[in-house]
Amino acid sequence: MAERLFRQAAAGRHASRSAGSAPHGSGAEPAVVEALREVGIDASDHVQHRLEDTDIAWTDAVIAACDGACPVVTGKRYENWGISDLYGLPVESVRPIRDEIAQRVDELLAGF
């Protein structure tokens, strides 16, 4: 969700990748796809990806959006947003998290 919100807000000025420390499956959560669709973002093609060393080497900043098994990353700008896992949540619970992530993305982009 954070990657798609970042892409939309960055409007091509910055690149992003999405990766997780413990992905739950292969595709996006249905409630996440729906919540993003409501703000004009298509995430139906999302493929979950486990965080790898190549992802960390590629990036200038690592934004951890987890509240549990967060990776420890040194030598990069690192922020942990402590976002609850969206896995299995209904869309009604995902919407406020989407809005929180969108606000944090805006703040992040203001700092670049």
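The values are calculated or read from the model by the stated rules, or taken from the named source; none is laboratory data. Remember, predicted model here, so these are calculated numbers, not experimental data. When we count neighbours, we look across all protein chains shown, and the Cβ atoms used for this are built from the backbone with ideal geometry, even at glycine. Only protein heavy atoms, including side chains, enter the accessible area calculation; ligands, DNA and RNA are left aside. Shrake-Rupley method; radii C 1.70, N 1.55, O 1.52, S 1.80 Å.
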* Filter result (open to solvent by 50 Å² or more (accessible area, probe 1.4 Å) and either assigned to a helix (DSSP H, G or I) or in contact (Cβ under 8 Å) with a residue 12 or more places away in the chain (or both)) within the range 97-112 -> Asp99, Glu100, Gln103, Arg104, Asp106, Glu107, Ala110, Phe112
* Asked: Looking at the range 4-27, is at least one residue at pLDDT 90 or above, under 15 Å from Arg104 (Cβ atoms), touching a Ser or Thr at 6+ places or on another chain (Cβ under 9 Å) and open to solvent by 60 Å² or more (accessible area, probe 1.4 Å)?
  -> yes
* Asked: Applying the selection to the range 42-55, what residues are hydrophobic (A, V, I, L, M, F, W, C), under 16 Å from Arg98 (Cα atoms) and surrounded by fewer than 14 Cβ atoms within 10 Å (Cβ to Cβ)?
  -> none
* Conditions (1) open to solvent by 40 Å² or more (accessible area, probe 1.4 Å); (2) among the β-branched types (Val, Ile, Thr); (3) closer than 21 Å to Gln103 by Cα; (4) part of a helix (DSSP H, G or I): number failed by Val39 -> (4)
* **Restricting the range 56-96 to residues that are in contact with a helix residue (DSSP H, G or I) (Cβ under 8 Å, 6 or more places away or on another chain) and part of a helix (DSSP H, G or I), the residue that is surrounded by the most Cβ atoms within 10 Å (Cβ to Cβ)** => Val94
* **Cβ pairs under 9 Å, 6+ apart, first in the range 17-30 and more than 17 Å from Arg98 (Cα to Cα) and in a loop (DSSP other than H, G, I, E, B), second open to solvent by 40 Å² or more (accessible area, probe 1.4 Å) and at pLDDT below 70** => Ser21/Gly68; Ser21/Ala69; Ala22/Gly68; Ala22/Ala69
* Given the structure, is Thr54 within 16 Å of Glu79 (Cα to Cα) and of a type in the set (Val, Ile, Thr)? -> no
* To do: Output yes when any residue across the range 84-96 is farther than 13 Å from Met1 by Cα, touching a residue at least 24 places away in the same chain (Cβ under 8 Å) and hydrophobic (A, V, I, L, M, F, W, C), and no when none is.
  => yes
* Asked: Can you pull out the residues in the range 42-55 that are part of a helix (DSSP H, G or I) and touching a residue at least 24 places away in the same chain (Cβ under 8 Å)?
  -> Asp55
